[in-house]
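Chemist: Structure provided below as structure tokens; questions to follow.
The values are calculated or read from the model by the stated rules, or taken from the named source; none is laboratory data. This structure is a prediction, so every number in the text was calculated from the model and none was measured. Methodologically, a virtual Cβ is constructed for each residue, glycine included, from the backbone with ideal geometry; neighbour enumeration extends over all protein chains shown.
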Amino acid sequence: MIKAILIFNNHGKPRLSKFYQPYSEDTQQQIIRETFHLVSKRDENVCNFLEGGLLIGGSDNKLIYRHYATLYFVFCVDSSESELGILDLIQWPEQHPKQVGSQQVFVETLDKCFENVCELDLIFHVDKVHNILAEMVMGGMVLETNMNEIVTQIDAQNKLEKSEAGLAGAPARAVSAVKNMNLPEIPRNINIGDISIKVPNLPSFK
Amino acid sequence: MVMPSLKLQDLIEEIRGAKTQAQEREVIQKECAHIRASFRDGDPLLRQRQLAKLLYVHMLGYPAHFGQMECLKLIASPRFSDKRVGYLGAMLLLDERQDAHLLITNSIKNDLSQGVQPVQALALCTLSTVGSAEMCRDLASEVEKLLLEPSSYVRKKAVLTAVHMIRKVPELSNIFLPPCAQLLRERHHGILLGTITLITELCERSPASLKHFRKVVPQLVQILRTLVTSGCSTEHSISGVSDPFLQVQILRLLRILGQNHEESSEAMNDLLAQVATNTDTSRNAGSAVLFETVLTIMDIRSAPGLRVLAVNILGRFLLNSDKNIRYVALTSLLRLVQSDHSAVQRHRPTVVECLQEPDYSLSRRALELSLALVNSSNVRAMTQELQSFLEACPPDLRADCASGILLAAERFAPTKRWHIDTILRVLTTAGTHVRDDAVANLTQLIGGAQELHAYSVRRLYSALAEDISQQPLVQVASWCIGEYGDLLLEGSCEETEPLQVEEEEVLALLERVLQSHLSLPATRGYALTALMKLSTRFHGDNNRIRQVVSIYGSCLDLELQQRAVEYNALFRKYDHMRAAILEKMPLAERSGPQAEEQAEEEGRGASPAPTEPKTSELLNLLDLLDDSSGGAQHPAPLCPSLGDAVGCLPAMPGAPPPLAPILDLRVFERQGLQLTLSFERPSGVPALLLITATATNSSGSDVTHFVCQAAVPKSFQLQLQAPSGDTLPAQGGLPITQLLRVLNPNKAPLRLKLRLTYNHFGQSVQEVFEVNNLPVETWQ
């Protein structure tokens, strides 16, 4: 089973921490620090597997990690999980154009839900990341690996939240309304007298 | 005025804006105060936002326990957005060690039975993460109902929740076993994945379930076959492999079901061969499936051809350029090395190459595997490789490597000389990392190899002369020089280069060791004793040694001081005994696994037998045992009998000798009436003494109403049993006997006060007297 999922940045600041076994708060923070310590010592071109630190259960457990730019994604698993399988769970999308069926799950799902996810998205929307994770891994076990399913469910839940939001949600609804607007051709440069407004090139919102 | 509360994003901005840790703490403390106030005021609309902020600061490591009750309130709220945050909070803040967690049971129950799908999903998710045993028991029936829901989304979550429940409360297996058959027929991959996990959990927990599920092996094979052959379900495929997660899970379950079971293994053989040959391993996903297949093939009763194929696949992976693949290959080979040793041996060269990896994870795995692959035929080559690895490896691995080499050397050493050489080399390279008993083992080994004494002492002397910092080496060298110093001076030894050593040089070296600040107190002790022994081995005068010894008579270290003083005394008053005391040591007895290995070696006559008298007796006994047990191939049964034999060499074998009987004691005599005490000490209970008081009458008149009473000192316990009678007929009639039980836990000297009352010759008599002269054996 998966014992913990940790995301932290290059300085060890936690961006997401989910534990699937009961640990006290102190222990949790210590585990994060210990894991960061172990993982940050690794070079760039070594394998993605490490023995677990003492706090997380010692050499029976493994740390499977991937390092993307400023973030470390670490899954701490015990011996009953397939190492390569978990690695697939974390994988970043391949650099070449998307083929049918080349989907890898966690990071790519994040990418889809946040539209080109970066660290800031994870920082400011921790709760959403938790929700996405909850669709993939539950109780320490892999629940669903079909990305489309996961994204569909997340969308449905978001809709449900929005519909409840009532008045307080008006700004959010306005934003989504604008997003869904089909804008005709926009003049790039509006010159009114001596005021020159440059209209930014907004990506389409479909 | 109440400040408008920050949104989560704003709080995060603020925290990120803080330049120092102290500033961050300040911001967070201020915000937490607001949150606490808000919780107290109980504004329901803002509660969700406050809790979200609290969870964020909790992730950063700040205390957030005051939010626990708020989680409960949010969970109980009808709004979905509240529930979402509330359940998340419950998962992060509550755990089963806090009492508060039981309070959410009711909310979960309601949500499970009446909520809409997303709400049910939230509840299941929380239950599977923080559900304690009590909660699981309460909610098992709800979850069972959800297993049959029409919605596949909820069902797949329910299945995994069931797995968690079984882990917490194994008795619930009974509830969750029946639905499995139906769930296996599902087409939805998520449900299938969960079901396979559930079945795996059930089978791992109870052999009965295992038997039950063997029936579904054909079904599983079918599912897997469909996955592998059809280029189906592009949604689930990763890098062209359809749903590798599901494939891996099925393979794992097949492994459990097929272990030790011919029939199931039979059913899987074809499919496994198919998967093994057809899976595309250019991508990670394919490799993951292939690895599971290999492990499954090796664990079940598969055809031999298939096994060879599997090990070869692993061998191929070892040569792969992707480090992850190589790591998993090494791990898998380590699992197989016990069961299929010869197959793995074929890949030994590749494994040894992996030792050179700069990647720490890989080299560690390679080390473990290399140590497991050492056997008697390759021990020389392997040890060579491992020694060179030891010289270059990172410090974490040094201790493991050193002890691994020593262990391998002990098990497979072809000759004693090679063994000594190997240990010596390890001690010089990584002396500080070896285990404590390495020194003892080496001295034992050298002591036992008489023909190698000269060789060993020379090698050790040269090593010591070069470097006195490695403590284990110094200790062994000092001991050896002390024991065999005379051989060192002899000058000629065919096996090493001629070494001309003067007495003075040897003494100087030992003195250096004594004085060096690198030496541990134990090492100094070795050196001092060695010096002392040399006083008899060397023929020069002993002034130098005497000087050193008397200096250390005032050393601050207690152990050294004591030794020095004793040795001093040996020089002065007891000089005539010195030679005898400082003779060569006899071979000490060894205990533990080394003992029977050593005995086995000697029994087989692999090396020339040592000549100390004790060990030759050992050998004789071994021969007897060998004949009776039919060979020395079985160290295990040999060991207990060996232990007995060794233990009994000096003493008689068998049960402790029976105690000599204690003499009877006549304590009273008057007019023909005699009272005699006889004693018995039963062997089982050392503190117990049984006294039988026998009264006899040799007079002409009967003795009637005979009563005997007894008293003992306070630390004893006395129990008087009923006498056999109270009349003593005249002229040596039937005596009266009475049993007294005395418990003497303190082993104090026994004193007895007796009081007799009876009628004799028409008079009533009363006598009180003490018995002090009880024999020593009664109370010792």
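Chemist: Got a sec? Which of B:Ala267, B:Ala208, B:Ala181 is touching a Pro at 6+ places or on another chain (Cβ under 8 Å) and in a helix (DSSP H, G or I)? Walk me through how you get there before you give the answer.
Modeler: Values: B:Ala208 fails: touching a Pro at 6+ places or on another chain (Cβ under 8 Å); B:Ala181 fails: touching a Pro at 6+ places or on another chain (Cβ under 8 Å).
Unique residue meeting the criteria: B:Ala267.
Chemist: Which number in (1) within 9 Å of chain B (Cβ to nearest Cβ); (2) buried (at least 21 other Cβ atoms within 10 Å of the Cβ); (3) in contact with a Ser or Thr (Cβ under 6 Å, 6 or more places away or on another chain) marks the one condition that A:Leu87 misses?
Modeler: For A:Leu87, the exception is condition (3).
Chemist: Please return the ranges of helices (runs of 4 or more DSSP H) entirely within the range B:323-385 where 3 or more residues are more than 25 Å from B:Leu309 (Cβ to Cβ). Spell out how you get there, then give the answer.
Modeler: Working: elements: B:323-336, B:341-345, B:348-354, B:360-373.
By residue number, B:360-373.
Chemist: Tell me whether the range A:114-128 contains one or more residues that are among the β-branched types (Val, Ile, Thr), within 11 Å of chain B (Cβ to nearest Cβ) and either touching a Pro at 6+ places or on another chain (Cβ under 8 Å) or more than 18 Å from B:Leu124 (Cβ to Cβ) (or both). Write out each step before concluding.
Modeler: Filtering the range A:114-128 down to residues among the β-branched types (Val, Ile, Thr) leaves A:117, A:123, A:126.
Checking the rest, the ones that are also within 11 Å of chain B (Cβ to nearest Cβ) come to A:123, A:126.
Narrowing the set further to residues that are either touching a Pro at 6+ places or on another chain (Cβ under 8 Å) or more than 18 Å from B:Leu124 (Cβ to Cβ) (or both) leaves A:123, A:126.
Among the residues of the range A:114-128, at least one is among the β-branched types (Val, Ile, Thr), within 11 Å of chain B (Cβ to nearest Cβ) and either touching a Pro at 6+ places or on another chain (Cβ under 8 Å) or more than 18 Å from B:Leu124 (Cβ to Cβ) (or both), which makes the answer yes.
Chemist: On to the next question. Exactly one of these conditions fails for B:Arg84: (1) more than 22 Å from B:Leu146 (Cβ to Cβ); (2) at the interface with chain A (Cβ under 10 Å from one of its Cβ atoms); (3) of a type in the set (Lys, Arg). Give me its number.
Modeler: Just one mismatch for B:Arg84, condition (1).
Chemist: Going residue by residue through the range B:67-81, is there one that turns out to be in contact with a Cys (Cβ under 8 Å, 6 or more places away or on another chain) and either crowded, with 23+ Cβ neighbours inside 10 Å or more than 14 Å from chain A (Cβ to nearest Cβ) (or both)? I'd like the intermediate steps shown before the answer.
Modeler: So in the range B:67-81, the residues in contact with a Cys (Cβ under 8 Å, 6 or more places away or on another chain) come out as none.
No: the range B:67-81 contains no residue that is in contact with a Cys (Cβ under 8 Å, 6 or more places away or on another chain) and either crowded, with 23+ Cβ neighbours inside 10 Å or more than 14 Å from chain A (Cβ to nearest Cβ) (or both).
Chemist: Out of the residues in the range B:679-698 that are polar (S, T, N, Q) and within 18 Å of B:Gly725 (Cα to Cα), state the one that is surrounded by the most Cβ atoms within 10 Å (Cβ to Cβ). So that I can check it myself, show each step before the final result.
Modeler: At the first step, the residues of the range B:679-698 found to be polar (S, T, N, Q) are B:683, B:692, B:694, B:696-698.
Right, trim to within 18 Å of B:Gly725 (Cα to Cα) and you get B:692, B:694, B:696-698.
Working: B:Thr692: 15, B:Thr694: 16, B:Thr696: 20, B:Asn697: 25, B:Ser698: 14.
So, considering only residues that are polar (S, T, N, Q) and within 18 Å of B:Gly725 (Cα to Cα), the one surrounded by the most Cβ atoms within 10 Å (Cβ to Cβ) is B:Asn697.
Chemist: Going by what's in this entry, would B:Leu739 be described as in a loop (DSSP other than H, G, I, E, B), surrounded by 14 or more Cβ atoms within 10 Å (Cβ to Cβ) and of a type in the set (A, V, I, L, M, F, W, C)? Quick ask: steps written out before the conclusion?
Modeler: On the way: in a loop (DSSP other than H, G, I, E, B): no; surrounded by 14 or more Cβ atoms within 10 Å (Cβ to Cβ): yes; of a type in the set (A, V, I, L, M, F, W, C): yes.
Taking the combined requirement at face value, the residue does not satisfy it.
Chemist: Looking at (1) closer than 24 Å to B:Asn320 by Cα; (2) in contact (Cβ under 8 Å) with a residue 40 or more places away in the chain, which one does B:Leu390 not meet, given that it meets all the others?
Modeler: (1)
Chemist: Mind telling me which of the residues B:Leu45, B:Leu11, B:Leu6, B:Leu51 ends up being of a type outside the set (Ser, Thr, Tyr), within 14 Å of chain A (Cβ to nearest Cβ) and not in a helix (DSSP H, G or I)? First the steps, then the outcome.
Modeler: Numbers: B:Leu45 fails: not in a helix (DSSP H, G or I); B:Leu11 fails: not in a helix (DSSP H, G or I); B:Leu51 fails: not in a helix (DSSP H, G or I).
None of the other options fit; the residue is B:Leu6.
Chemist: Let me ask another. Can you tell me which of (1) of a type in the set (Ser, Thr, Tyr); (2) modelled with pLDDT of 85 or more; (3) under 19 Å from A:Met136 (Cα atoms) is the one B:Thr234 doesn't meet?
Modeler: All conditions pass for B:Thr234, except number (2).
To keep it simple, each residue is scored yes or no on (1) modelled with pLDDT under 90; (2) more than 14 Å from chain A (Cβ to nearest Cβ); (3) assigned to a helix (DSSP H, G or I); (4) surrounded by 21 or more Cβ atoms within 10 Å (Cβ to Cβ).
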residue	(1), (2), (3), (4)
B:Thr129	yes, no, yes, yes
B:Leu148	yes, yes, no, no
B:Thr161	no, no, yes, yes
B:Met165	no, no, yes, yes
B:Glu171	yes, yes, yes, no
B:Arg187	yes, no, no, no
B:Ile191	yes, no, yes, yes
B:Ile196	no, no, yes, yes
B:Phe213	yes, yes, yes, yes
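Chemist: Which residue, of A:Ser59, A:Ser80, is surrounded by fewer than 21 Cβ atoms within 10 Å (Cβ to Cβ), more than 25 Å from A:Met138 (Cβ to Cβ) and not charged (D, E, K, R)?
Modeler: Numbers: A:Ser80 fails: more than 25 Å from A:Met138 (Cβ to Cβ).
None of the other options fit; the residue is A:Ser59.
Chemist: Still on this structure, please answer the following. Name the single residue, out of those in the range A:14-23 being over 12 Å from A:Leu122 (Cα atoms) and not hydroxyl-bearing (Ser, Thr, Tyr), that is surrounded by the most Cβ atoms within 10 Å (Cβ to Cβ).
Modeler: A:Phe19
Chemist: Pairs under 9 Å by beta carbon, first residue in a helix (DSSP H, G or I) in the range B:63-75, partner of a type in the set (Asp, Glu), six or more apart or different chains?
Modeler: B:His65/A:Glu25; B:Lys73/B:Asp82; B:Leu74/B:Asp82; B:Ile75/B:Asp82; B:Ile75/B:Asp111
Chemist: A:Arg33 - would you say it is within 10 Å of chain B (Cβ to nearest Cβ) and more than 22 Å from the chain's Cα centre (by Cα)? Can you show your working first?
Modeler: Working: within 10 Å of chain B (Cβ to nearest Cβ): yes; more than 22 Å from the chain's Cα centre (by Cα): no.
Considered against the rule, which asks whether it is within 10 Å of chain B (Cβ to nearest Cβ) and more than 22 Å from the chain's Cα centre (by Cα), A:Arg33 comes out as no.
Chemist: On to the next question. Against the condition within 28 Å of B:Arg459 (Cα to Cα) and at pLDDT below 85, how does B:Arg335 come out, does it pass? Before you say what the answer is, go through the steps one by one.
Modeler: Details: within 28 Å of B:Arg459 (Cα to Cα): no; at pLDDT below 85: yes.
Criteria not met by B:Arg335.
Chemist: Ok, one more. When A:Ser40 is evaluated against the numbered criteria (1) surrounded by 15 or more Cβ atoms within 10 Å (Cβ to Cβ); (2) in contact (Cβ under 8 Å) with a residue 12 or more places away in the chain, which criterion, by number, is the only one it fails?
Modeler: (1)
Chemist: Another one. Restricting attention to the range B:15-42, which residues are of a type in the set (Gly, Ala, Ser) and more than 14 Å from chain A (Cβ to nearest Cβ)? Show your work before the answer.
Modeler: Narrowing the range B:15-42 to residues of a type in the set (Gly, Ala, Ser): B:17-18, B:22, B:33, B:37-38, B:42.
If the condition is that a residue be of a type in the set (Gly, Ala, Ser) and more than 14 Å from chain A (Cβ to nearest Cβ), then B:Ala22, B:Ala33, B:Ala37, B:Ser38, B:Gly42 are the ones that fit.
Chemist: Out of curiosity, is A:Ile64 buried (at least 22 other Cβ atoms within 10 Å of the Cβ), more than 13 Å from chain B (Cβ to nearest Cβ) and touching a residue at least 12 places away in the same chain (Cβ under 8 Å)? Steps first, answer last, please.
Modeler: Working: buried (at least 22 other Cβ atoms within 10 Å of the Cβ): yes; more than 13 Å from chain B (Cβ to nearest Cβ): no; touching a residue at least 12 places away in the same chain (Cβ under 8 Å): yes.
Considered against the rule, which asks whether it is buried (at least 22 other Cβ atoms within 10 Å of the Cβ), more than 13 Å from chain B (Cβ to nearest Cβ) and touching a residue at least 12 places away in the same chain (Cβ under 8 Å), A:Ile64 comes out as no.
Chemist: Can I ask one more? Sort out which residues of the range A:133-157 are in contact with a His (Cβ under 7 Å, 6 or more places away or on another chain), in contact (Cβ under 8 Å) with a residue 12 or more places away in the chain and of a type in the set (S, T, N, Q), and write them in order of number.
Modeler: Going through the range A:133-157, the residues in contact with a His (Cβ under 7 Å, 6 or more places away or on another chain) turn out to be A:139, A:145-146.
Next, only the ones that are in contact (Cβ under 8 Å) with a residue 12 or more places away in the chain stay: A:139, A:145.
Within the range A:133-157, just A:Thr145 meets the criteria.
Chemist: Additional query: For the range B:263-280, what are the residues that are within 13 Å of B:Val228 (Cβ to Cβ) and not aliphatic (A, V, I, L, M)?
Modeler: Listed by number, the residues that qualify are B:Asp270, B:Gln274, B:Thr277, B:Asn278, B:Thr279, B:Asp280.
Chemist: Check A:Leu54 against each of (1) among the hydrophobic types (A, V, I, L, M, F, W, C); (2) away from chain B (no Cβ under 12 Å); (3) crowded, with 17+ Cβ neighbours inside 10 Å; (4) over 30 Å from B:Ser321 (Cβ atoms) and name the one condition it does not meet.
Modeler: (3) is the only condition that A:Leu54 fails.
Chemist: For the range B:83-96, state whether one or more residues are in contact (Cβ under 8 Å) with a residue 12 or more places away in the chain, crowded, with 19+ Cβ neighbours inside 10 Å and outside any helix (DSSP H, G or I).
Modeler: Initial filter on the range B:83-96 (in contact (Cβ under 8 Å) with a residue 12 or more places away in the chain): B:83-96.
Next cut, crowded, with 19+ Cβ neighbours inside 10 Å only: B:83-95.
Remaining after also requiring outside any helix (DSSP H, G or I): B:94-95.
Within the range B:83-96, one or more residues are in contact (Cβ under 8 Å) with a residue 12 or more places away in the chain, crowded, with 19+ Cβ neighbours inside 10 Å and outside any helix (DSSP H, G or I).
Chemist: Here's something else I'd like to know. What are the pairs with Cβ atoms under 7 angstrom where one residue, in the range B:123-139, is within 9 Å of B:Ile108 (Cβ to Cβ) and in contact (Cβ under 8 Å) with a residue 24 or more places away in the chain and the other, located anywhere, is buried (at least 24 other Cβ atoms within 10 Å of the Cβ) and basic (Lys, Arg)? Sequence gap at least six, or different chains.
Modeler: Close Cβ pairs (under 7 Å, with a partner that is buried (at least 24 other Cβ atoms within 10 Å of the Cβ) and basic (Lys, Arg)) amount to B:Leu124/B:Lys157.
Chemist: Scanning the range A:137-154 for residues that are β-branched (Val, Ile, Thr) and more than 14 Å from B:Pro118 (Cβ to Cβ), which turns out farthest from the other protein chains (Cβ to nearest Cβ)?
Modeler: Just the residues of the range A:137-154 that are β-branched (Val, Ile, Thr), to begin with: A:137, A:142, A:145, A:150-152, A:154.
If we keep only those that are more than 14 Å from B:Pro118 (Cβ to Cβ) too, we end up with A:137, A:142, A:145, A:151.
Details: A:Val137: 9, A:Val142: 6, A:Thr145: 5, A:Val151: 11 Å.
For the range A:137-154, the residue satisfying everything is A:Val151.
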